[in-house]
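Structure record follows, encoded as structure tokens.
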């Protein structure tokens, strides 16, 4: 079994660096998927330190994750706008009033 190398110990241009980037990208993919699937995700994501430059062959995957994150942001913004509209509509409904007299509905006339 290969030794697990922390991201801080990964040396640029090595298999350890590539492995560290793969773990980071996988974490970002999970978070981006969770955001659109309604699964709770951590409130804050901190970029790992000492990761070194991204291997060129992972750039396309990173761009796809960034695009997925952007779609998730747009989806949340649309949902927020919808909720805001619904709340505005609800605010126009008058509150029920307490009354001591009976109220009848005339269904025949």
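Results for (1) surrounded by 10 or more Cβ atoms within 10 Å (Cβ to Cβ); (2) out of contact with any strand residue (DSSP E or B) (no Cβ under 9 Å at 6 or more places or on another chain); (3) at pLDDT 85 or above, shown as yes or no for each residue.
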{"position": "53", "(1), (2), (3)": "no, yes, yes"}
{"position": "60", "(1), (2), (3)": "no, yes, yes"}
{"position": "64", "(1), (2), (3)": "yes, yes, yes"}
{"position": "69", "(1), (2), (3)": "yes, yes, yes"}
{"position": "73", "(1), (2), (3)": "yes, yes, yes"}
{"position": "76", "(1), (2), (3)": "yes, yes, yes"}
{"position": "87", "(1), (2), (3)": "no, yes, yes"}
{"position": "90", "(1), (2), (3)": "no, yes, yes"}
{"position": "104", "(1), (2), (3)": "no, yes, no"}
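With the condition kept exactly as written, say whether any residue in the range 29-49 is surrounded by 10 or more Cβ atoms within 10 Å (Cβ to Cβ) and at pLDDT 90 or above.
no
The values are calculated or read from the model by the stated rules, or taken from the named source; none is laboratory data. What you see is a predicted model, and the numbers here were worked out from it, not measured in a lab. A quick note on method: Cβ atoms are made from the backbone with ideal geometry, for glycine too, and the neighbour counts reach across all protein chains shown.
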